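The values are calculated or read from the model by the stated rules, or taken from the named source; none is laboratory data. These numbers were taken from a predicted model, which means no experiment stands behind them. Cβ placement follows ideal geometry from the backbone for every residue including glycine, while neighbour counts extend to all protein chains displayed.
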Amino acid sequence: MFNRLWSPRIGIAFACVFALVGIGRADPGQAQVYKCKDARGSVLYADYPCPAGERIDIELGATDPGAQVRLSRARAELDRAALIRKTEEQRAAAQLAEREAFRRATEVSRQIHIRYTDRKYKRVVALLDPHYDELWVGGKASYKLGAIIQDGGELIIFAPHLTKLSETHGALIEKYGYAPLESVRDMLGVSEELRENLCIAAHLAHVAYAGRTDDDGNIVPRYRITMASGLDEQTCKRVNLGYLDYRTFDYDTTDPDTFVVNHAGRDLYKVST
């Protein structure tokens with residue numbers, strides 16, 4: 001018939017098909033399958049006699065008219081399951097490739113956009129990148145440099161081109177002012193308005209960077225932020241920032257406790273370990 005050997009699983013399955021559909025026979029009959037062993041002693045099934053083989057007679061019943069339909073449905077279900085499995089495997093492979101691409105991108109970004117210093121400084125002068133024209137985005141100068149400023153130190157943001165806090169959110173920023181996270185959390189507890197504008201709350205805490213406990217047990221900013229910019233002195237005072245006249249401020253210094261950063265806001269600075 002097929003003149004080949006089958007493993008036990010395939011042979012039994014094939015025998016079951018014989019029994020189910022009768023191999024196209026309209027009348028009952030018999031089919032012979034031979035149980036054999038290969039050179040390694042493994043059991044195989046064949047449709048022809050083999051040395052020392054055991055013949056197994058399979059009684060074939062009458063053809064079931066619905067068997068072909070059921071087999072077709074089962075085949076379709078198997079095909080559908082195989083397609084789903086293939087789709088899931090392809091999706092998993094794509095996700096793995098995306099994660100790998102992201103990992104490589106972060107490694108490139110780490111090498112390009114993270115800079116290191118060997119210590120913290122008492123004063124950092126941030127020469128704000130020109131394309132940050134409001135503190136809503138220029139605040140990056142604080143939270144990208146905060147890690148290299150000593151506790152009780154000062155960040156001076158030099159930005160003559162920066163003339164507003166935020167075109168969109170300026171009123172709320174002036175109302176609440178910049179403050180450490182602990183203080184902003186307290187404000188959220190009593191202000192529904194601030195809870196409805198969480199992006200403002202996040203901005204206030206991010207720019208203030210972090211808090212510390214002073215000698216009196218009060219939460220205060222970890223370092224002072226002073227603006228040498230187009231913002232007027234009163235605006236700076238309302239939002240808890242210091243003020244310097246940028247026209248008279250000289251940031252060119254050889255003071256070893258002062259660190260000057262060009263294009264501040266672009267790169268993240270950290271102390272090397």
Scan of the range 84-115 for residues that are of a type in the set (A, V, I, L, M, F, W, C), under 30 Å from V261 (Cβ atoms) and assigned to a helix (DSSP H, G or I), ordered by number: F102, A105, V108, I112
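Identify, please: which residue in the range 134-173 is in a helix (DSSP H, G or I), touching a Ser or Thr at 6+ places or on another chain (Cβ under 7 Å) and not aromatic (F, W, Y) and is, among those, nearest to T117 (Cα to Cα)?
Only one residue tops the list, namely I148.
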Whichever residue in the range 42-52 is surrounded by 14 or more Cβ atoms within 10 Å (Cβ to Cβ), in a strand (DSSP E or B) and of a type outside the set (S, T, Y) and, among such residues, is nearest to the chain's Cα centre (by Cα): L44
Answer from R123, R55 - the residue that is of a type in the set (D, E, K, R), surrounded by 10 or more Cβ atoms within 10 Å (Cβ to Cβ) and outside the structural domain of Y251 (by TED's automatic domain parsing): R55
Neighbours by Cβ (under 7 Å, 6+ apart or cross-chain): first from the range 229-251, of a type in the set (A, V, I, L, M, F, W, C); second surrounded by fewer than 15 Cβ atoms within 10 Å (Cβ to Cβ): L231/T163; V239/E174
Test set (1) crowded, with 17+ Cβ neighbours inside 10 Å; (2) without any contact (Cβ under 8 Å) to a residue 12 or more places away in the chain; (3) of a type in the set (V, I, T) - T87 fails condition number: (1)
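Would you mind finding the one in D216, D245 that is surrounded by fewer than 17 Cβ atoms within 10 Å (Cβ to Cβ) and at pLDDT below 95?
D216
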Criterion violated by T235 - all others in (1) under 37 Å from the mean Cα position of the chain (by Cα); (2) not in a loop (DSSP other than H, G, I, E, B) satisfied: (1)
